[in-house]
Amino acid sequence: MRITTFVAATAVFAGAGFCTTAPPVWAEVPAMDGVYTYADEDGIVATWTINTTCTPHCVAHVTTAPGQGFDAALVDGRYSVTRTVPEGALCPAFTAGANGASDEGGLHPVTVYQWWDPLTLSGEVDFLHSPAPCGLADRHDRFTLTKVG
């Protein structure tokens, strides 16, 4: 009888480990709620306000300016998004050609793929497309986020 009781108790306790559920993946990712300084390798500096939600999947809700922002989903440990930056490409004014064709220059939209690591607060941007007449000379940047509030 003692052996049967011991075997039954061992089976119950050994099986208990199989009945537990793994913690959700988002539990390991630090919350990014707060205000951050965005600084890229070209000297562009901006303020991002980030609010993260993780129900059921983590998403960073980023505000970049009044009325402007984007959502980036957490995929494989990094937040990522493909988005259009309304005034992301700057073309200088120029006059060219024998007929003196000119362009006033100005700001143009650009489509980017952007990602960052919530642990290291570093990321990268790939500039994918822009209708800017001057084109996109620099198609890749690295950036850092620094929490300021």
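Please treat every number below as a calculation from the coordinates, not as lab data. Keep in mind that this is a model prediction, so the values were computed, not measured. Glycine also receives a Cβ, built like all others from the backbone with ideal geometry; neighbour counts cover every protein chain displayed.
At 0.36 nm per residue, minus the direct Cα-Cα distance, what do Ala46 and Asp76 gain on full extension? Give it in nm, one decimal, please.
On the way: separation 30, 0.36 × 30 = 10.80 nm, distance 2.58 nm.
Difference between extended and current length: 8.2 nm.
Step through the residues of segment 35-44 one at a time and calculate ³J(HN,Hα) from phi using the Karplus curve (6.51 cos²θ - 1.76 cosθ + 1.60, θ = phi - 60°), rounding each to whole Hz and writing x for Gly and Pro.
10, 10, 8, 9, 9, 9, 5, 8, x, 6
Can you list the HN-Hα couplings for segment 135-141, worked out from phi with the Karplus curve (6.51, -1.76, 1.60; θ = phi - 60°), rounded to whole Hz and with x for Gly and Pro?
In residue order, the calculated couplings are x, 10, 6, 10, 9, 8, 9 Hz.
What is the set of long-range amide H partners of Thr52 at a cut-off below 5 Å, with H atoms built 1.01 Å from backbone N?
Met32, Asp33, His61
Arrange Arg83, Arg139 by Cβ neighbour counts within 10 Å, fewest through most, would you?
Working: Arg83 17, Arg139 11.
Placing the least packed residue first, the sequence is Arg139, Arg83.
For Ala89, what residues show an amide H to amide H distance below 5 Å, using hydrogens built from the backbone and excluding near sequence neighbours?
His108, Val110
Using the Karplus curve 6.51 cos²θ - 1.76 cosθ + 1.60 with θ = phi - 60°, work out ³J(HN,Hα) for each residue of segment 55-67 in order, rounded to whole Hz, and write x for Gly and Pro.
9, x, 10, 6, 9, 9, 9, 10, 9, 9, 6, x, x
Go from 0 up to the bin containing the longest alpha carbon distance in segment 24-147, width 5 Å each, and give me the % of pairs per bin.
All Cα pairs considered, the percentages come to 2, 10, 18, 22, 17, 11, 7, 5, 3, 2, 1, 1, 0, 0.
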